[in-house]
Ligand SMILES: Nc1ncnc2c1ncn2[C@@H]1O[C@H](COP(=O)(O)OP(=O)(O)OP(=O)(O)O)[C@@H](O)[C@H]1O
Ligand SMILES: [Mg+2]
């Protein structure tokens with residue numbers, strides 16, 4: 001059976017006045033649902049670029065990307081938006097919550113694209129309960145701590161029950177205790193929902209808790225012990 005995430009010969013270049021900048025070079029990766037990988041590597045090595053390509057927010061220069069059997073880059077823009085909404089949950093460093101929306105409304109946002117999804121509100125409440133924010137559902141992001149905001153972002157990433165979660169430094173802006181709590185939740189939710197999780201992180205503590213690690217170096221992913 002083909003892998004649920006399949007990357008072959010991936011290349012990403014950016015044009016630059018002093019010559020082409022090669023960020024990803026012949027990169028390969030295969031993962032299945034239920035697997036979790038922490039990606040580390042120096043600043044500027046291309047970790048976010050890789051994550052954005054896997055999430056089809058950025059296009060590769062060349063190479064093969066298949067997510068759950070689909071080539072996202074073969075879809076038209078409406079098809080791509082629907083595919084991304086259904087298949088991928090994103091968790092980013094600065095949560096990207098809408099400031100004027102409550103925790104509950106923020107979690108519900110990804111469900112609005114396909115019209116009103118039945119049971120969405122119940123599921124959003126269950127997820128907020130699961131991340132320990134049962135008593136914070138009506139608060140605005142400005143009324144939450146950084147760790148609480150990131151837990152809302154985790155619930156939002158899971159609301160459409162996507163098979164794939166991509167997280168870019170999800171604990172990057174948090175103090176040590178909040179980072180540990182968010183890391184614990186991320187890994188627990190990954191296992192509970194049998195999600196394929198890729199997390200980019202500079203935190204060796206967080207990476208050490210993942211069942212698998214890789215380092216992005218010279219445009220390629222090298223599996224680490
Ligand atoms: N749109 C762009 N045009 C040109 N160069 C870019 C563009 N986006 C990213 N880069 C370059 O690609 C390289 C990789 O960037 P990327 O953001 O993927 O690094 P990163 O590994 O996530 O770094 P960090 O750990 O600091 O977040 C960097 O040198 C960056 O300057
Ligand atoms: Mg980055």
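Against the chain, whose longest principal axis is taken from its Cα atoms, helix 146-158 shows a tilt of about 80°. Distance between the pseudo-spin-label points of residue 142 and residue 222 (7 Å out from Cα toward the beta carbon): 4.7 nm.
Computed from label points 7 Å out along Cα-Cβ, the spacing between residue 122 and residue 194 is 2.1 nm. Computing FRET efficiency as 1/(1 + (r/R0)^6) for residue 101 and residue 25, where r is the C-beta to C-beta distance and R0 is 45 Å, gives about 0.65. Springs join every pair of Cα atoms under 10 Å in this Gaussian network model of the chain, and among 106, 129, 160 the largest mean-square fluctuation is at 129.
Springs between Cα atoms under 10 Å define the GNM used for the chain, and in it the highest mean-square fluctuation of 33, 186, 112 occurs at 112. Computed from Cα positions, the angle between helix 176-192 and the longest principal axis of the chain comes to roughly 80 degrees. Sorting 45, 77 by the number of Cβ atoms found within 10 Å of their own Cβ, with the fewest placed first, yields 77, 45. Beyond 15 Å, the tail of the calculated P(r) for region 149-211 holds 44 percent of the Cα pairs.
Applying 1/(1 + (r/R0)^6) with r as the Cβ-Cβ distance of residue 85 and residue 173 and R0 = 22 angstrom yields a FRET efficiency of 0.30. At an R0 of 30 angstrom, the distance between the Cβ atoms of residue 64 and residue 113 translates into a FRET efficiency of 0.65. In this rough spin-label picture, where each label sits 7 Å from Cα along the Cβ direction, the residue 134-residue 73 distance is 4.7 nm.
Neighbour counts of other Cβ atoms within 10 Å put 164, 182 in the fewest-to-most order 164, 182. Both radii were evaluated on the Cα set of the chain; the Rg over Rh quotient, with Rh as the Kirkwood radius, amounts to 0.97. The GNM of the chain, with springs linking C-alpha atoms under 10 angstrom apart, assigns the highest mean-square fluctuation among 169, 205, 148 to 205. Extension gain for residue 16-residue 209 works out to 65.7 nm (0.36 nm per residue, less the C-alpha to C-alpha distance). Helical runs assigned H by DSSP (4 residues or longer) give the chain a calculated mean residue ellipticity at 222 nm of -10000 deg cm²/dmol, each run adding -39500 (n - 2.57) before division by the residue total. The length gained on full extension between residue 184 and residue 32, counted as 0.36 nm times the residue separation minus their Cα-Cα distance, comes to 52.6 nm. Of 12, 122, the sequence from fewest to most neighbouring Cβ atoms within 10 angstrom is 122, 12.
Only the coordinates and a few stated rules stand behind these numbers; no lab work does. Please read all numbers here as calculations on a predicted model, not as lab measurements. With ideal geometry, Cβ positions are generated from the backbone for all residues, glycine too; neighbour counts draw on all protein chains shown.
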